[in-house]
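Visitor: Have a look at this one before I ask anything.
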Amino acid sequence: MNYLSTRNDAPPTGLAEALRAGLAPDGGLYVPESLPVLAVDDLAGSADLPTTATRALAPFFAGSELENELTSICREALDLPLPVSEIDAGPSWMLELFHGPTAAFKDFAARFLATCLDRLRSDDDPVQTVIVATSGDTGAAVAAAFHRRPGFRVVILYPDGRVSARQAHQLGCFGDNVATLRVQGNFDDCQRLAKQALNDRELIDRLALTSANSISIGRLLPQISYYVHAVAGLYRQLEAPIDIIVPTGNLGNALAAILARDLGLPIGTVHLATNANRTLPDYFSGMDYEGRPGLKTLANAMDVGDPSNFERLAWFYRDRDPRNAGITADSVDDETIRQTIARIHRQSGRIVCPHTACAMEVLDRRRASGNDRPMLLAATAHPAKFETVVEPLIGQPVPLPPALADLLDRPSQANPMAAEFEPLRDRLLAGG
Ligand SMILES: *Cc1c(COP(=O)(O)O)cnc(C)c1O
């Protein structure tokens, strides 16, 4: 399989090179040149996620130097709990993606990417610098995935004051080969700075710089696999297509659901649930796409005004309008997020994070408008990461999962930095 750039100005390359580079040399995002076909029957007997992922991703690894490592990469990186629990607003299920080491869905993709890059490394390669802009959860997942891996150094950029206290603690608690910068700006600033670094030839050459953001194809691929696994499992029971609802920020996780459908899995409509950042809902309601500054909301990992994976969606749908392709998008404001967290807890005892609450609200809206198809809802973070939002609404503490408790017990440190490229460049070159 060859990989192309969404901007079509870079030569086709193999998976290994696309993984190493993160971003294509023309500033575009890497995409596979074609989508293979995958049927539920191809997954018969696939009992766990690593097995499903090995089968689903094999065509994407064909011809790559990682081809023969795929099974072991999936076993090592994707061996995380993946419960699919039933929700009252039936027939609906929750895909619980938050049982990894940092309690957010990004653990799957970050571990997969880290494992791939690790397998691509030889002992005499120079240390590789992984830069990651985070709206809250990515940074910790990437740090956990690379922490103490020889040959890698991680630099995290996060928007100061715009992540929860526990998220901030998590971002700064790794140390060793992980440096954490709190940027005086918003997430879009962090993302712009990371992209600028990844387009800087000198930095790339001197630091073997690469990205671990959702712009990396190594993040997108494993995310496809959990939708494939869950949908195949549900389809065997239901024998009906399944709609998917995804809390959406940079459009990485939702694009994975859309691609799982485009591979041929029995997925109906894909519903994007955003917070008050309306770029995608406005676009899907028929307006032109217009990136804008990110607004601060309670679902902070989705505070994105110019979703980076939109460029990939546009590329995959270059021959037809994505707005006529079985995708909806709804915006959920902070007040509704609060009401939803309280309502879900009151009705079912279930505690959801603010991002998952956006999806629960969209589920409610679809049921109210008469959609009674089976729905699979992606739950993206553990509510204990957002306890200052959630606890006052439900009137009780949210129990900490053990992995999160471990991280919060460690000391934490982050350096402040202006939202400008020069100080970032200096720090990267200084090795700190
Ligand atoms: C990152 C994140 C999202 C948004 O995912 P995208 O792939 O950026 O659309 C949603 N919820 C949580 C908890 C996240 O950490």
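Visitor: Which of the residues belonging to region 222-251 are among the polar types (S, T, N, Q), assigned to a helix (DSSP H, G or I) and open to solvent by 10 Å² or more (accessible area, probe 1.4 Å)?
Guide: Passing the criteria: only Gln237.
Visitor: Of all residues in region 43-58, which are of a type outside the set (Gly, Ala, Ser) and either modelled with pLDDT of 95 or more or loosely packed, with under 15 Cβ neighbours inside 10 Å (or both)?
Guide: Scanning region 43-58 gives Asp48, Leu49, Pro50, Thr51, Thr52, Thr54, Arg55, Leu57.
Visitor: Could you list, in sequence order, all residues of region 59-80 that are assigned to a loop (DSSP other than H, G, I, E, B) and open to solvent by less than 70 Å² (accessible area, probe 1.4 Å)?
Guide: If the condition is that a residue be assigned to a loop (DSSP other than H, G, I, E, B) and open to solvent by less than 70 Å² (accessible area, probe 1.4 Å), then Ala62, Ser64, Leu66, Leu78, Leu80 are the ones that fit.
Visitor: Are any of the residues in region 269-280 part of a loop (DSSP other than H, G, I, E, B), at pLDDT below 95, open to solvent by less than 30 Å² (accessible area, probe 1.4 Å) and within 16 Å of the ligand (Cβ to nearest atom)?
Guide: Looking through region 269-280, none of the residues is part of a loop (DSSP other than H, G, I, E, B), at pLDDT below 95, open to solvent by less than 30 Å² (accessible area, probe 1.4 Å) and within 16 Å of the ligand (Cβ to nearest atom).
Visitor: Still on this structure, please answer the following. It is to be established whether one or more residues within region 155-176 are out of contact with any Gly (no Cβ under 6 Å at 6 or more places or on another chain), under 24 Å from Ser72 (Cα atoms) and surrounded by fewer than 24 Cβ atoms within 10 Å (Cβ to Cβ).
Guide: no
Visitor: Which of the residues spanning region 316-362 are more than 21 Å from Pro397 (Cβ to Cβ), surrounded by fewer than 17 Cβ atoms within 10 Å (Cβ to Cβ) and not polar (S, T, N, Q)?
Guide: Hits for region 316-362 are Tyr317, Arg318, Asp319, Arg320, Asp321, Arg323, Ala325, Gly326, Asp333, Asp334, Glu335.
Visitor: Can you list the helices (runs of 4 or more DSSP H) lying wholly within region 330-432 that have 1 or more residues being within 16 Å of the ligand (Cβ to nearest atom) and not aromatic (Phe, Trp, Tyr)?
Guide: 334-348, 354-368, 387-394, 402-409
Visitor: Among the residues in region 111-131, are any within 16 Å of the ligand (Cβ to nearest atom), of a type in the set (Gly, Ala, Ser) and open to solvent by less than 30 Å² (accessible area, probe 1.4 Å)?
Guide: no
Visitor: While we're on this one: Condition (residue is at pLDDT below 95 and assigned to a loop (DSSP other than H, G, I, E, B)) applied to region 188-196: is it met by at least one residue?
Guide: There is no residue in region 188-196 that is at pLDDT below 95 and assigned to a loop (DSSP other than H, G, I, E, B).
Visitor: Of the residues Asp406, Asp426, which is under 30 Å from Gly349 (Cα atoms), of a type in the set (D, E, K, R) and open to solvent by 40 Å² or more (accessible area, probe 1.4 Å)?
Guide: Testing whether each residue is under 30 Å from Gly349 (Cα atoms), of a type in the set (D, E, K, R) and open to solvent by 40 Å² or more (accessible area, probe 1.4 Å) leaves just Asp406.
Visitor: Among the residues of region 292-325, which ones are among the polar types (S, T, N, Q) and within 15 Å of the ligand (Cβ to nearest atom)?
Guide: Thr297, Asn300, Ser308, Asn309
Condition check ((1) open to solvent by 10 Å² or more (accessible area, probe 1.4 Å); (2) in contact (Cβ under 8 Å) with a residue 60 or more places away in the chain; (3) under 20 Å from the mean Cα position of the chain (by Cα); (4) over 28 Å from Arg153 (Cβ atoms)) across all residues:
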{"site": "Asp364", "(1), (2), (3), (4)": "yes, yes, no, yes"}
{"site": "Gly370", "(1), (2), (3), (4)": "yes, no, no, yes"}
{"site": "Ala381", "(1), (2), (3), (4)": "no, yes, yes, no"}
{"site": "Glu387", "(1), (2), (3), (4)": "yes, yes, no, yes"}
{"site": "Leu400", "(1), (2), (3), (4)": "yes, no, no, yes"}
{"site": "Asn415", "(1), (2), (3), (4)": "yes, yes, no, no"}
{"site": "Glu422", "(1), (2), (3), (4)": "yes, no, no, no"}
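The values are calculated or read from the model by the stated rules, or taken from the named source; none is laboratory data. Every value quoted in this text rests on a predicted model; they were computed, and no experiment measured them. Please note: Cβ atoms are built from the backbone with ideal geometry, for glycine as well, and neighbour counts cover all protein chains shown. These area figures cover heavy atoms from the full protein model, side chains too; ligands, DNA and RNA do not enter into them. Shrake-Rupley method; radii C 1.70, N 1.55, O 1.52, S 1.80 Å.
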